[in-house]
Amino acid sequence: NKKAFVELLFWKSPATVYDMTKGYSSLQEGEGTTRSRVPPWTPQEEQELRELYWKSKEVEGGDIIAAILAHLPGRTRRQVVKQLVRM
């Protein structure tokens, strides 16, 4: 690529650098950053999260997120907070 020098002027992520050195579209499914992707929330999970939030919100003096996490074992605290904010 004759214009690759322009790409060197900007900050890169490790995945972008890998693409630049190995060729674009070189990352296969399950490699690099795609491995760490969070599974998307299904409509059923969103509904369950909504119901758990309203049930936990009624209880005073407790950590709402901790109460929700007790019922959602496959999710992290950060994932639950981000989804609640998004919803």
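The values are calculated or read from the model by the stated rules, or taken from the named source; none is laboratory data. Source: prediction; values computed, not measured. Positions of Cβ are backbone-derived with ideal geometry, glycine not excepted, and every protein chain shown enters the neighbour counts.
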Residues being touching a residue at least 12 places away in the same chain (Cβ under 8 Å) and part of a loop (DSSP other than H, G, I, E, B): count how many of those fall in segment 40-73. 3
Picked from segment 51-80 (must be aliphatic (A, V, I, L, M) and surrounded by 14 or more Cβ atoms within 10 Å (Cβ to Cβ)), the residue nearest to Arg37 (Cα to Cα) is Val80
When segment 1-40 is checked residue by residue, the ones that are modelled with pLDDT of 70 or more and under 22 Å from the mean Cα position of the chain (by Cα) are Lys12, Ser13, Pro14, Ala15, Thr16, Val17, Tyr18, Asp19, Arg37, Val38, Pro39, Pro40
